[in-house]
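S.K.: First the structure, which I've put down as structure tokens, then a few questions once you've had a look.
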Amino acid sequence: MGLSAAAGAAVLAYGHFIELNRFRVRKETLSILPPGSPSLSVLHISDVHMIPGQRRKTQFMRSLADLDPDLVVSTGDNFSHTEALDPLLDALDPLLDLPGVYVPGSNCYFAPKLKNPARYLWKHTGDEKRDRDAPDVLPFRRMHQAFDDRGWIGLINRADSMEIGGVRLDFSGVDDPHLGYDRHPGFPQADHGPAGDGATTGSRGTEPSLRVGVMHAPYRRTIDRFVADGADIMFAGHTHGGQICLPGGHAVVSNCDLDPARARGISYDEGIPLEVNAGLGTSRFAAVRLFCPPEAVLLRLTAREQESGDA
Ligand SMILES: [Fe+2]
């Protein structure tokens, strides 16, 4: 009994003091760009859950600009503390010089509360209706303003377009589905300006492009809607990769209705890739990872082969 308690304590100590700081870059390649397009590299970051004083996380995040990505995709849950805006912006500073898009997660709006830490691992109801002007609200407006001021594009229930290296990227993003805030704007439409009910500054032209769906929590309804809208690729966070996994990195939970086997990495819906990021942090009240190190993802997008029928 004493021996197993000691072993359990040792595992938790490892999960808290070692694995939480075992930052890594997961590298992936997908051939999904229109034929003839130059390659693009996309840095996907998520679930930073910043608190003041996280020196190693800050150093790792600042080093990510050395990967020289063409685009940064940030899928939310940036805070785990009400005083974390300045530390967050310091960690993101080099990346904010690059083109970027972002969506918020619940931990951009609301500070985590001390409750049963394991609750994070099983709760997946997505029913947390809360007041965004309540006292425990995080400084999300100032964060979004800081992102906007540096040129990142908010995709909070809105669509937009951007051209990078001669490739046009059409984005559709939603506010956090875990909070029920998601309202799909659709993708920018050919020659019709704004899509759906979202304000967009871009418009989908007639040249080939890539349609990118961006969400925080990868709920089934959200994925299905992006696929129905014509997405070519989707980005999500929220799952923490399962956070406390079985040996081999097998997730037991996804913290939403996505199959836990898809809680980290690239999987497919009707042939459309969904990239789910295991995140850079955790709630400060559930600060343990096992067999699931924190990650950033460098996604190399290359042109697909010319298909018969392609122009
Ligand atoms: Fe998170």
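The values are calculated or read from the model by the stated rules, or taken from the named source; none is laboratory data. It should be emphasised that the depicted structure is a prediction, and the values quoted were computed from it without experimental measurement. When we count neighbours, we look across all protein chains shown, and the Cβ atoms used for this are built from the backbone with ideal geometry, even at glycine. For the accessible areas, the whole protein counts, side chains as well, though only heavy atoms, and no ligand, DNA or RNA atoms are used. Shrake-Rupley method; radii C 1.70, N 1.55, O 1.52, S 1.80 Å.
S.K.: Among DSSP beta bridges whose residues both lie in region 2-303, state the antiparallel percentage, nearest 5.
M.R.: On the way: 20 of 53 bridges.
That works out to approximately 40 percent antiparallel.
S.K.: Sticking with this structure for a sec: For a quick size check, give me the Cα extents of region 204-285 along its three principal axes, largest first, whole Å.
M.R.: On the principal axes, region 204-285 reaches 47, 25, 21 Å in Cα extent.
S.K.: Still on this model: What are the ³J(HN,Hα) values, in whole Hz, obtained from phi via the Karplus relation 6.51 cos²θ - 1.76 cosθ + 1.60 with θ = phi - 60°, for each residue of region 101-114 in sequence order, with x given for Gly and Pro?
M.R.: Here the 3J(HN,Hα) series is 10, 8, 10, x, x, 4, 8, 9, 9, 10, 5, x, 10, 6 Hz.
S.K.: How would you order 10-21, 173-184, 85-96, 143-154 from highest to lowest mean count of nearby Cβ atoms within 10 Å? Display every interim value, and only then the final one.
M.R.: Values: 10-21: 14.2, 173-184: 22.5, 85-96: 18.6, 143-154: 15.9.
Peptide ranking by packing, descending: 173-184, 85-96, 143-154, 10-21.
S.K.: Let me ask you something else. DSSP loop (so not H, G, I, E, B), at most 15 other Cβ within 10 Å: list which trypsin sites (Lys or Arg not before Pro) in region 8-79 pass both filters.
M.R.: Of the trypsin sites (Lys or Arg not before Pro), the ones in loops of region 8-79 whose Cβ has at most 15 other Cβ atoms within 10 Å are ARG22.
S.K.: Continuing with this model, one more query. With a probe of 1.4 Å, find how much accessible area region 2-303 has per residue, and write the answer as a whole number in Å².
M.R.: It amounts to 40 Å² per residue over region 2-303.
S.K.: For Cα pairs less than 8 Å apart in space and 6+ apart in sequence, what is the mean separation divided by the residue count of region 1-96, i.e. the relative contact order in percent?
M.R.: Rounded, it is 31 percent for region 1-96.
S.K.: Something else: Any chance you could run the full-extension gain for GLN145 through VAL252? It's 0.36 nm times the residue separation minus the Cα-Cα distance, nm to one decimal.
M.R.: So the extension gain works out to 34.9 nm.
S.K.: In nm, to one decimal, how far is the modelled label at ASP259 from the one at ARG220, with both set 7 Å along Cα→Cβ?
M.R.: Inter-label distance under the simple model: 1.2 nm.
S.K.: On to the next question. Pop out the carbon and sulfur fraction of the accessible area of region 2-303 as a percent, whole number, probe 1.4 Å.
M.R.: 54 percent
S.K.: Against the empirical 2.2 N^0.38 Å scaling, what ratio does the C-alpha Rg of region 2-303 come to?
M.R.: With N residues counted in region 2-303, Rg over 2.2 N^0.38 Å equals 0.96.
S.K.: Run the simple label-point estimate for ARG304 and GLU28 please: 7 Å along Cα→C-beta, distance reported in nm.
M.R.: About 1.6 nm, to one decimal.
S.K.: Just subtract the alpha-carbon distance of VAL137 and ALA6 from 0.36 nm times their residue separation and send over the number in nm, one decimal.
M.R.: Residue separation times 0.36 nm, minus the Cα-Cα distance, leaves 43.3 nm.
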